[in-house]
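Peer 1: Structure below; questions to follow.
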Amino acid sequence: MTAATRPPAGTVAPAGSPADDTETRRSARSGAAGLVGAATSGLFGFLLAVVITRGYGTVGSGAFFAAIGVVTVATAVCTLGAETGLMWALPRRRSGAGGDAARVLPVALLPPLLAAVVVAVAGVLTADALAPRLLDGSDADGTALLAASFSAVPVVVAMTLLLAALRCVRPIRAYVGVQFFLLPVARPVLVGAAVLAGGGLLAGMTGWLVPAALALLACLTLVAGPLGIGRGALLRPQRADWSAFWRFALPRAASAAIDAGNMWVGVLLTSVLAGPADAGVFGAVGRYILAGQLAMQGLRVAVSPQLSRLLGRGERRAAAAVHRQLTTWGLVLSWPVYLLLAVFGLAFLQLFGPNFTAGAPAMTVLALAMLVNTGVGNVQSLLLMGGRSGLHLAATLAGLLVTVSLGLWLIPAHGATGAALAWALGIATENLTAACCARVVVGQPLVDAAMLRAGATTVAGVGFAATVGVLAGGRGIGGLAVAVGVLAAGCVGLLTLPRVRRGIRVTMVQIRGRQEAAPAAAGPAPEESKGR
């Protein structure tokens, strides 16, 4: 969009305008790349869960998942919301040697890294006291496992922040290559090698952590060029840079910790209140639930810089159009996964081993809750990229309050199923609250007839296939195989309909356009990032 055709800030383009069409084409290209990466990440994430559960059993995998939870929650707390701050701030600045984008890096990196070092030192010093509480019943050296987890927090924090910068200054394929290929592919390979070599949990956890260091090095290399680092770009921030950035990021700090730690809070609560075996079952269930969410995650990271740019210019109608399009995509891709998980949870958990099938009720509960999560779309991104991190914090706090309060009540008596019920109600609370806030902030409809038709068609088709599968083979692996076969046949049949083929052709035309990094609001894309 040229300066001559760009609407002034505070105005919206008319429905069906070239502005809307341009933005939906751009979101289609970015979204497709994000979905490919998310699919790969989901596949290898599942493989990692199989390696952990098969290699270490219920008790050992419970300790392993608890250690991952420590790293995940500590990282989310220590980043202080700066990763979302970068996604919000960088698309609104000029990159390159003469731009002002590089000045944001010290603002975003220094406080989180300081916090990460403090947490790492404190965690290593107190690992001996924490291990009996978090890893009680594990046959692993819990102190060494926790010490290794805490010591890696600064590296993981730095990687997380530079990944956010990478998404904003390079074409999305660079981000996808690191976040959705390097990390998820390397982890099961290295953890599996540790298992095959007869290594214990500490060796396996080391295999899980090493790819973060590799990803950090890759991000450092990829981010420096577009930002003009080493070629004259100023890294000394002004006072206004600090205040503007942290006014946005600090409310996000708490909500980011909640977002990243929701599942792991459940794992840690279950480990403490019900024991490592139940925590292992709940962690295995959670791996499936999070894998189903990867489509929405891929779409979110693909278009967040675009939403920041649009909302920063006041183009709310175009932002809402992008949101509706990608929510429809996410719904069609995610709902079949969650509906099958809800019906055939027993079959999926059998792949982890017979000791994990007790988590089937928990799987059903969480899968149904995730229909709400994916059904409202990435409303959190609309709030955050619109600069309303305070409203997002309110929604996440509401969800956390429900999760923790119900978890303390339900987990002691019901174990993994109680943890799932608590988390499910927390998910519904957070997402419905965020959806209401986003509708008010954007001031545009976030649901349209196409989304409703897609949802109804998906439920009807998957529901029919699941019913046939249950009648033919029960809820085990046999029934799942029948349901997947019926569903695949139905998809092939849909491709014979002219309307479906026409819709696919339109989408493919959008996707085939040249992918590009989200341009900065204040000027054209830097020369270094063009054509890459």
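The values are calculated or read from the model by the stated rules, or taken from the named source; none is laboratory data. Please read these numbers as outputs of a predicted model, since none were measured by experiment. All Cβ positions, even for glycine, are placed from backbone atoms using ideal geometry, and neighbour counts span all protein chains on display. Ligands, DNA and RNA are excluded from the accessible area calculation, which covers all protein heavy atoms including side chains. Shrake-Rupley method; radii C 1.70, N 1.55, O 1.52, S 1.80 Å.
Peer 1: Could you grab the pairs with beta carbons closer than 7 Å, sequence gap of 6+ or different chains, first residue in segment 108-121 and part of a helix (DSSP H, G or I), second one hydroxyl-bearing (Ser, Thr, Tyr) and surrounded by 18 or more Cβ atoms within 10 Å (Cβ to Cβ)?
Peer 2: Pro112/Thr79
Peer 1: Next question. Test Gly85 against the criterion of being open to solvent by less than 20 Å² (accessible area, probe 1.4 Å), of a type outside the set (Asp, Glu) and in a loop (DSSP other than H, G, I, E, B), and give yes or no.
Peer 2: Judged against the criteria, Gly85 is not a match.
Peer 1: To continue, here is another question. Taking the stated definitions as given, is Thr467 more than 19 Å from Val322 (Cβ to Cβ) and surrounded by 15 or more Cβ atoms within 10 Å (Cβ to Cβ)?
Peer 2: no
Peer 1: Within segment 106-127, how many residues turn out to be closer than 18 Å to Met385 by Cα and either hydroxyl-bearing (Ser, Thr, Tyr) or open to solvent by 10 Å² or more (accessible area, probe 1.4 Å) (or both)?
Peer 2: 0
Peer 1: Does segment 68-82 hold any residues that are in a loop (DSSP other than H, G, I, E, B) and aliphatic (A, V, I, L, M), and which are they?
Peer 2: Leu80 - this is the single residue of segment 68-82 that is in a loop (DSSP other than H, G, I, E, B) and aliphatic (A, V, I, L, M).
Peer 1: Take Ala67 and decide whether it is modelled with pLDDT of 85 or more, of a type in the set (Gly, Ala, Ser) and buried (at least 24 other Cβ atoms within 10 Å of the Cβ).
Peer 2: Criteria met by Ala67.
Peer 1: If the requirement is being within 23 Å of the chain's Cα centre (by Cα) and more than 22 Å from Val303 (Cα to Cα), which of these qualifies: Arg133, Arg167, Arg187?
Peer 2: Arg187
Peer 1: I've got another one for you. Taking Gly455, is it assigned to a helix (DSSP H, G or I) and farther than 19 Å from Leu366 by Cα?
Peer 2: Judged against the criteria, Gly455 is not a match.
Peer 1: Still on this structure: So which residues in segment 422-457 are among the hydroxyl-bearing types (Ser, Thr, Tyr) and buried (at least 19 other Cβ atoms within 10 Å of the Cβ)?
Peer 2: Matches in segment 422-457: Thr429, Thr433.
Peer 1: Could you check segment 458-504 and list, in sequence order, the residues that are closer than 13 Å to Ala347 by Cα, free of Cβ contacts under 8 Å to residues at least 40 places away in the same chain and outside any helix (DSSP H, G or I)?
Peer 2: Gly474
Peer 1: Determine, yes or no, whether Gly55 is in a helix (DSSP H, G or I), modelled with pLDDT of 80 or more, small (Gly, Ala, Ser) and open to solvent by 10 Å² or more (accessible area, probe 1.4 Å).
Peer 2: It is true that Gly55 is in a helix (DSSP H, G or I), modelled with pLDDT of 80 or more, small (Gly, Ala, Ser) and open to solvent by 10 Å² or more (accessible area, probe 1.4 Å).
Peer 1: Here is a follow-up. When the residues of segment 70-79 are filtered to those that are closer than 21 Å to Leu393 by Cβ and under 17 Å from the mean Cα position of the chain (by Cα), which remaining residue is surrounded by the most Cβ atoms within 10 Å (Cβ to Cβ)?
Peer 2: Thr79
Peer 1: Quick check: anything in segment 509-520 over 30 Å from Ala398 (Cβ atoms), of a type in the set (S, T, N, Q), at pLDDT below 90 and part of a helix (DSSP H, G or I)?
Peer 2: yes
Peer 1: So for segment 3-12 (the condition being open to solvent by less than 10 Å² (accessible area, probe 1.4 Å) and either modelled with pLDDT under 80 or under 27 Å from the mean Cα position of the chain (by Cα) (or both)), does at least one residue qualify?
Peer 2: So far as segment 3-12 goes, no, none of its residues is open to solvent by less than 10 Å² (accessible area, probe 1.4 Å) and either modelled with pLDDT under 80 or under 27 Å from the mean Cα position of the chain (by Cα) (or both).
Peer 1: Considering only residues of segment 133-153 that are assigned to a helix (DSSP H, G or I) and at pLDDT below 85, which is least open to solvent (accessible area, probe 1.4 Å)?
Peer 2: Looking at the filtered set, the residue picked out is Gly142.
Peer 1: Oh, and also: State yes or no: is Leu113 on the phi > 0 side of the Ramachandran plot and at pLDDT 85 or above?
Peer 2: no
Peer 1: Select from segment 210-264 the residues that are at positive phi and either modelled with pLDDT of 80 or more or in contact with a helix residue (DSSP H, G or I) (Cβ under 7 Å, 6 or more places away or on another chain) (or both) and list them in ascending order.
Peer 2: Gly230
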